[in-house]
Structures are given as structure tokens and as C-alpha cells.
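Report on the structure given below.
The values are calculated or read from the model by the stated rules, or taken from the named source; none is laboratory data. Owing to the predicted nature of the structure, the values given are computational and were not obtained by experimental measurement. Counting neighbours? That spans all protein chains shown, and the Cβs are built from the backbone with ideal geometry, glycine included. All accessible areas refer to the heavy atoms of the entire protein, side chains included, with ligands and DNA or RNA removed. Shrake-Rupley method; radii C 1.70, N 1.55, O 1.52, S 1.80 Å.
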Protein chains: 2
Amino acid sequence: MITITIQKQIQLKKRPTGVPTSEHFEFVEVPVESPAKGEILLQTIYISVDPYLRGRMNDTKSYIPPFKLNEAISSGVIGKVVESKSDLFEVGDFVIGSLGWQQFSVAKDNTVRKIDPNLAPVSAYLSVLGMTGLTAYFGLLDIGKPKAGETVVVSGAAGAVGSIVGQIAKIKGARVVGIAGSDEKVRYLLDELGFDAAINYNTQDVGSALKEACPDGIDVYFENVGGEISDTIFPLLNNFARIPVCGAISAYNNSEPDVGPRVQGYLIKTSSLMQGFTVGNYSSRFGEGAKELASWLLEGKLKYEETVTEGFENTIDAFLDLFKGANLGKAIVKVADSDK
Amino acid sequence: MITITIQKQIQLKKRPTGVPTSEHFEFVEVPVESPAKGEILLQTIYISVDPYLRGRMNDTKSYIPPFKLNEAISSGVIGKVVESKSDLFEVGDFVIGSLGWQQFSVAKDNTVRKIDPNLAPVSAYLSVLGMTGLTAYFGLLDIGKPKAGETVVVSGAAGAVGSIVGQIAKIKGARVVGIAGSDEKVRYLLDELGFDAAINYNTQDVGSALKEACPDGIDVYFENVGGEISDTIFPLLNNFARIPVCGAISAYNNSEPDVGPRVQGYLIKTSSLMQGFTVGNYSSRFGEGAKELASWLLEGKLKYEETVTEGFENTIDAFLDLFKGANLGKAIVKVADSDK
């Protein structure tokens, strides 16, 4: 007798142009596979939903290949080992890896990494101790290079990356100004994270608010959003300013060309630098970054928030909410209890 | 009896908006002053006319202060000592300095630098051995960092900076593609300077011509022009491309906002860098740059052209011609014979 366990998987059904909707995705029933030697069977505990995934839904050349149609979407996932055919993992271990959006996954033991549930809640490995924390860490420190007394502006400031960027900039002694999309987020930045100023781009004129919040100009702008918010930065740049270009979420769903003031003149006048990057560029240094982030976390110097959506069936909504600016901190989906 | 010698000086009369015309300037008669102790009297031999001077005609904050109304325009000038009250200079010496647009100047002996008329024609110190050569040298090598086998694209390629950029990139073993504004310039780049390909932006579709000329993508783009030509570069960038942003001449006379596709998405996808700069950033390394440029010149590895306008009275026309793309190589005005 053969027992087949059926699970749900989320596939990309149609490539979106513009804003994706639920019709671009499909829940498909697929069997839970059995691990072979050197593999483990994982129950999905948390799924990371991230803006950059939107880019992978387009069929265009980028730093990671596009998702394929009629295959599972994948992203950072925390799983719990429920069956092990590997000497490296035991049942009950927690792991992180790039895995499909489904309830169970089989993974080769060298494609996932064990995480320590005693150091921090396991979900933290998707945020402050994981990809978004490392993105903030390397983008800010390796490209932005903030110095004590300088002014650092970060957009998407209440998001998973932006909130860590601002706090690291504070640790380095900079004056930190955040741009976010609600009064609740602004209060969070000011009251919880200790930002020096924060601007609500939905209710304030960003250009004039920035001018007021940055009387000494801008030395570092950590770019998460692009678009009109970013346009207001350039006239305020100081000489030798640095702009780590991490994201441009405002443009991810554009089907029209994204047009604005050209930046060349501003860069020349101020000898400023813009550097695009993805966290993968720093993979050889992840250990160093994760170690310092963990020590700041344990010292209480870094706080982080999560916006947790309950239930695998709500994964797509959680992803789409990113483009509505709905999340505070890291957006994750809780698929199953971690029992930890 | 007191003899006063009268000379002509070119002053900024009105700040241009948009394209400057002769009405923004005025020829004014002023006395030739006498040098005091530690000063020298110089006869102006060559005047450098440069696109960046347009920016100094606006009353806006930039890396150098704006010209003042009713005062002399100034730029790089080669002068010949006609009277010396300094131990450092003798009558007949040639010097270079930042001096007014006038026929004679008095300069403190520590504000000008002696040049060697035996190493190269003295005008070369305004171009390949001077500011434009150093601009090409440091922008390309310090920011662009071309490697052998990479593809380097330069706009304004037949200009004073661009022509040197392309030749240095060839010296470094790169494949070099130039963009210029006439068939004559294209021929010059291909036949005289050894560029691998050259595009006439006035007769060709730059986007598709670039795609053809850069089958392996673009690793370095040396930006001299901005505007629509520059827009065509971004979709062709390779991973970790570098863009030294030196000039944006297409926008210098804009009175309307200069608008085009935003670059953030391209920079993220390719982890590319844009770095604005001015040659003054490298002043502590001018010696090193000038030495290497001179050695390449003497070895015949570097060629340079000059577009020489004869006569002080034509200085303004020579300047305005820059924005018509009229010059091949460095644009200079010959004010008096050097007798060398």
C-alpha cells in the first residue's frame, strides 16, 4: 500500500504586467515527496515575502533568474526537520533556505543552514539576522560608510531593511532621518527606534520636510523606494555623498517607463556616488555581518518588528500588501507553529 | 608723466537662462596693472574654453563658486611672463594658471605654475597635459577601472576629455566605443585614435548602434553628455559596471527640468556604480597623473587635437561653439603668438 500525502504549493500562473493580483498565482495540490539519502523533509514554518520577488516574476535578465511559469514561487523559508536522511540534521532542527512556497519541502542537506532557536526567535533569521538585516548592514556600511555627525536619510524606513539601516546609522553616530508612509510608522521610527526625524510621505511635502529635517544636507541616502521620493534627495546632497541603491519599490509594478529628473548633474556638482547592490554580492562576508548583527541584537541596540500573516492560504495577500506599504518591519507568513 | 596701458577684458554681464549668447558678455576696457613684489605680469597666450564654465554662469551652489556679474570670466590660461617682480620667474617663462579672460594679467607667483615648452607645445598644458587630460585620467582609472577585454563606452568621444579617455582605455587593453556628433569625428576616432567602434548620434539610432557595437555589454561608461544618449547606456550595463560621471553637456543650457528614465532599477539589477567627480578631487595626485600622461604622449601612445580659435575678440564664440559640438579635441583661443 502506498500512502501519498498531498500538500498545497503556490505557482506563478501568469506573468503580471503592472500590479500583480491573485489571478497571477495558483494554489496547486502536489504530493509531499520523501527524502532520499542526504536529504531532509522540512515542514514550512515561516515564509519570507519580499519586494524583490516582484522582479523575478518578469521574464527579464536580472541578478537572479526569473520564476518559471507553472512552478513554485520560492523565497527565504524557515523549516523544521520532520524526517532526516542526513547525518547533518535531526528531527526537530530548524533550518533556513531558499525553498518553494509550499507546506513541506525536501531539501539536500547542503542547501539549507541550521539556525539556533535559542539565540532569537526563529523568524528573526528571515529578518534582522537574515537577508534583510545583511542587506541593511552591507549596503549601509560598505557603500554608505556613514561617519559620526553625518546625516543619513533612509526611505522605506519602517520596512525590514530600512528600519535596520536607520538603527545601524545611529550606532555609528549619524543623525538619522526616515521617510515612511503613515503616522504610525513615523511614531515607530521616532519613539521606538530613536530616529532623529521622520517624514510621512503621504501627508507631508517630502522636499520641504527633508530640507527642514536635514539642515546640514544629506551625506548618505539609503535608497529603497525610487520614484518621486528619491527625486527630492538629490538637490540636498552634500559633497561626496553616498547613495546605496537597494530597492526601488515604487517602480516594481510600473508598466509605463519610470521617468524623473536625471541625476547626472547632481552627482557631478557634489561628486556623489550611487551604487546599486544586492546582498548576494557580500555572500563571502555573511558570517561577519550576521555576527555583528546578532551581537547588537543581544545588546539591545537593534530592535526589529515583524508583520506576521497567519496561514499559508494568505501568502499571496501578504506579498501583495508589500506594495501597499502595509507592513511594519519584516513581512512574513506563519505557515505552521514552530513549537518554540 | 604716467602711462596707462589699456587692454580688453571679458565680463559676465547678465546671467543666462538657457543657451548663452553674446549679449550675456561684455568686452570692457581696463588698465593693465603693474606687478608688485612677488608678482609677475603675464601676456595671455592661450585661453581654455570649457563646458563646465557654463555652470559658473548660474548663481547656484556647486563645486566652484559662480562668476560674479561685471567681473572677468576666468579659466585656464597659458601666459608668458613679460615683467617679473618674483625670484621664481624670468621674462619669457611660460606659466599656466586660472586667470581672467583678458590680454594681460598680474598674478602672485604662487598662483601660477611654470611649464616646459620643450616637452610639448605650450597649449598642450591646457589639454592632454592639463585639466582635461587629468580629468580623463583620474575619472577613467580611479572610478572606471577598465580591465583588459572589457568594453568601455565614452560619450563626447571626440572632445578634449573623451578622446583621451578612449585612448587610455585602449592602453589598458579595453574594447573602446565612442559616441560623437559627426561623421568626421567618427572617422577621427576610428582612423586616428584606434577606437574599436564609433557612433554618430546625429545620424544613427544610438540605442541599436550601441547594442551592435557592444555585443558583450558595457562595463564602463564614461559620461560626458547626459540626456538621451546616456539613457541608452543603462539597459546594456553588465554586472558591476562603473560610470564615471564627468559631464552632462546636453543639460547645461536647459532651462526646463532635465527628465529621463530613472536609473535606480538598472543600478540595482547590475550592481553598477555611478560616481560624479571633478578633477579637483584629485589635486593631490596631479603630479602622478601628469607624469604618466606625458610619458604616454612622448611614447606616441596618446594623440590629441586642438580646435584653435584665433583672436581674443572671438573668445565668446569659441565658448558658445562648445554647445554646438563644433570642436574636435580641446577648444582653445589663441590670443597672442607664443614665439615658441
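The figures follow:
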| quantity | calculated |
| --- | --- |
| Residues in region B:50-69 reached by a label modelled at B:Arg15 [backbone nitrogen below 17 Å; 7 Å Cα→Cβ] | B:53-69 |
| Value at 222 nm in deg cm²/dmol, rounded to 500, when DSSP H runs of n ≥ 4 in chain B each add -39,500 (n - 2.57) | -5500 deg cm²/dmol |
| Solvent-accessible surface ranking, highest first, for A:Val308, A:Val152 at 1.4 angstrom | A:Val308, A:Val152 |
| Label 7 Å beyond Cα on the Cβ vector: A:Val19 copy-to-copy distances, nm | 4.5 |
| Cut-off 11 Å between beta-carbons: net charge of the residues surrounding A:Ser48, Lys and Arg +1, Asp and Glu -1 | -1 |
| Accessible-area composition of the protein assembly as shown, carbon plus sulfur, in percent [1.4 Å probe] | 49 |
| Under 11 Å, Cβ to Cβ, from B:Asn314 - net charge with Lys/Arg +1 and Asp/Glu -1 | -3 |
| Span from the region B:176-224 Cα centroid across to the region B:18-80 one, whole angstrom | 34 |
| Accessible surface, per residue, of the protein assembly as shown when the full set of protein chains is kept, probe 1.4 Å, Å² | 43 |
| Alpha-carbon centroids, region A:117-144 and region A:233-287: separation in whole Å | 21 |
| Label geometry 7 Å along the beta-carbon vector: B:Glu256 inter-copy distances in nm | 1.6 |
| Virtual spin-label span in nm between A:Lys303 and B:Val259, 7 Å along Cα→Cβ | 4.1 |
| In sequence order, calculated HN-Hα J values of region A:144-149 (Karplus, 6.51, -1.76, 1.60; Hz; x Gly/Pro) | x, 6, x, 10, 3, x |
| Among beta bridges that DSSP assigns inside the protein assembly as shown, antiparallel share in %, nearest 5 | 60 |
| Rg over Rh [alpha-carbon atoms, Kirkwood Rh] for region B:131-281 | 0.93 |
| Sum of side-chain charges, B:Ala251 neighbourhood, beta-carbon under 11 Å (Lys, Arg +1; Asp, Glu -1) | -1 |
| Residue closest to axis [chain B; rotation mapping onto A; Cβ; Å] | B:Met274, 2 |
| GluC sites (Glu not before Pro) within region B:62-169, DSSP loop, no more than 15 other Cβ atoms inside 10 Å | B:Glu71, B:Glu90 |
| Selection from B:Ser86, B:Ile115, B:Ala72, by position along the positive dipole direction of region B:69-137 (Cβ) | B:Ala72 |
| Mean Cα-pair separation over length for region A:131-281, i.e. relative contact order, pairs under 8 Å, 6 or more apart, % | 23 |
| Built amide H within the under 5 Å cut-off of A:Gly260, gap 5+ | B:Gly260, B:Arg262 |
| Flagged links, alpha-carbon separation over 20 Å, of A:Lys14/A:Lys68; A:Lys211/A:Lys301; B:Lys172/B:Lys301; B:Lys185/B:Lys303; A:Lys172/B:Lys269 | A:Lys211/A:Lys301; A:Lys172/B:Lys269 |
| Accessible area buried at the B-A interface, both sides summed, 1.4 Å probe (Å², nearest 100) | 2900 |
